[in-house]
Amino acid sequence: MRIQSLIVWVSLLFLNNYALAQKTNFNREQVIIKAGALIDRGNSRKATLVLDKLIKNGLSGTEEIQVKILTARSWHENGKRVQAIQQLQDLLTSPVIRLPQNIDLRTEAYLQLAECYFGMYSLEKFKNVSDTVLQISRQVKLPSYYKARAYNNIARYYNYHTLVQKTKPFLDSAISLFQLATRAEKQQYHPLAILTASINYYRNSDINKLFCCIDSAKNLLLNGYQGEIYDQIYLWRAIGNSYFDRARLPEKQKNRQWYNRVESSFNKSIFYFRNILSRK
């Protein structure tokens with residue numbers, strides 16, 4: 001009887017410890033999700049505090065990768081791109097992230113590295129990293145948003161250099177994949193970045209599609225979309241530039257209306273930028 005009681009006691013202790021470990025893992029996962037949501041809303045300062053606390057309490061290998069990527073995102077939002085790039089480069093050489101089961105995290109790290117390079121106008125590095133993401137997404141079965149974001153990045157690169165014929169196929173591919181996504185998945189595709197690239201592209205090629213994209217972007221934001229808070233600066237700047245093109249047309253009587261829209265768009269861009277600065 002004593003042996004049976006001991007076995008039961010040991011079993012209960014094991015189950016209790018296992019349940020506690022599972023609860024701890026779940027809590028950490030929820031905190032990581034919360035930190036990502038804070039960054040999306042532009043509150044990168046608070047996100048950094050949350051992430052620092054997680055690191056101090058100890059993390060598993062995969063969790064540490066997730067937290068370091070989010071920390072790099074937070075630094076990027078705060079303008080600490082050199083620091084973010086160094087962390088991501090170190091992370092991408094670590095043995096854990098190179099394990100096959102962590103390919104999605106490695107791809108996410110590459111995408112964040114690309115964003116840092118874009119923010120620093122290191123466009124060749126931005127393009128090279130985006131090419132790497134596209135290559136990975138073609139070789140390994142990953143969620144489609146990785147490929148879509150790589151396509152859109154490459155379109156952004158060519159569009160920046162006004163290479164219209166090279167821009168179009170990559171932009172079309174990104175839009176096509178985005179349109180096939182479910183409503184729940186769409187935020188993962190970074191729709192504001194796709195719309196910004198589309199506005200910059202159609203600005204010089206198709207006025208009807210241009211204003212369709214502008215309307216789509218405005219509707220998305222007016223309906224309470226909170227993701228990609230930093231990309232909203234690029235978006236409103238792209239909209240302002242498009243309106244500025246119209247303000248320079250020969251129709252003088254309409255120019256004042258267009259200039260008012262230009263001013264409104266750039267003011268929104270400045271507003272989001274100041275809002276981010278105030279939350280650092």
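The values are calculated or read from the model by the stated rules, or taken from the named source; none is laboratory data. Quantities reported herein were computed from a predicted structural model and do not represent experimental measurements. Cβ placement follows ideal geometry from the backbone for every residue including glycine, while neighbour counts extend to all protein chains displayed. Heavy atoms of the whole protein, side chains included, go into the accessibility calculation; ligands, DNA and RNA do not. Shrake-Rupley method; radii C 1.70, N 1.55, O 1.52, S 1.80 Å.
Any residue at all in the range 69-85 that's hydroxyl-bearing (Ser, Thr, Tyr) and either over 22 Å from Gly42 (Cβ atoms) or in contact (Cβ under 8 Å) with a residue 40 or more places away in the chain (or both)? No, the range 69-85 has no match at all. For Gln86, the conditions (1) surrounded by fewer than 18 Cβ atoms within 10 Å (Cβ to Cβ); (2) closer than 26 Å to Thr71 by Cβ; (3) at pLDDT below 95 are fulfilled apart from (3).
Of the residues making up the range 92-101, at least one is buried (at least 20 other Cβ atoms within 10 Å of the Cβ), at pLDDT below 95 and among the β-branched types (Val, Ile, Thr). Within the range 106-121, track down each residue that is more than 22 Å from Pro191 (Cβ to Cβ) and modelled with pLDDT of 95 or more. Listed by number, the list holds a single entry, Arg106. Among the residues of the range 204-214, just one is modelled with pLDDT under 90 and charged (D, E, K, R), namely Asp206. Considering the range 161-212, the residues that are without any contact (Cβ under 8 Å) to a residue 40 or more places away in the chain and closer than 15 Å to Leu235 by Cα include one that is most open to solvent (accessible area, probe 1.4 Å), namely Cys212. Among residues of the range 225-244 that are farther than 18 Å from Tyr160 by Cα, those with a Cβ under 6 angstrom from a residue that is assigned to a loop (DSSP other than H, G, I, E, B) and open to solvent by less than 20 Å² (accessible area, probe 1.4 Å), sequence gap 6+ or separate chain, pair up as Ile229/Gly42. May I ask you to verify whether Leu59 is open to solvent by less than 20 Å² (accessible area, probe 1.4 Å), out of contact with any strand residue (DSSP E or B) (no Cβ under 7 Å at 6 or more places or on another chain) and at pLDDT below 85? Criteria not met by Leu59.
Inside the range 88-99, can you point out the residues that are assigned to a loop (DSSP other than H, G, I, E, B) and aliphatic (A, V, I, L, M)?
Hits for the range 88-99 are Val96, Ile97, Leu99.
Selection over the range 216-237 of residues that are closer than 18 Å to Leu171 by Cα and acidic (Asp, Glu) gives a count of 1.
Count, please, the residues in the range 43-56 that happen to be more than 19 Å from Glu108 (Cα to Cα) and in contact (Cβ under 8 Å) with a residue 24 or more places away in the chain. Of the residues in the range 43-56, 4 are more than 19 Å from Glu108 (Cα to Cα) and in contact (Cβ under 8 Å) with a residue 24 or more places away in the chain.
If I ask for residues that are open to solvent by less than 70 Å² (accessible area, probe 1.4 Å) and in a loop (DSSP other than H, G, I, E, B), which ones from the range 213-238 would you list? Once the filter is applied, which keeps residues that are open to solvent by less than 70 Å² (accessible area, probe 1.4 Å) and in a loop (DSSP other than H, G, I, E, B), the range 213-238 yields Gly224, Tyr225, Gly227, Glu228, Ile229, Tyr230.
For (1) part of a helix (DSSP H, G or I); (2) within 22 Å of Glu228 (Cα to Cα); (3) not aromatic (Phe, Trp, Tyr), each residue gets a yes or a no:
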position: Ala72; (1), (2), (3): yes, yes, yes
position: Trp75; (1), (2), (3): yes, yes, no
position: Gln86; (1), (2), (3): yes, no, yes
position: Gln101; (1), (2), (3): yes, no, yes
position: Leu113; (1), (2), (3): yes, yes, yes
position: Glu124; (1), (2), (3): yes, no, yes
position: Val133; (1), (2), (3): yes, yes, yes
position: Ser173; (1), (2), (3): yes, yes, yes
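Among residues of the range 129-158 being of a type in the set (S, T, N, Q) and buried (at least 23 other Cβ atoms within 10 Å of the Cβ), the one that is farthest from Ser173 (Cα to Cα) is Ser130.
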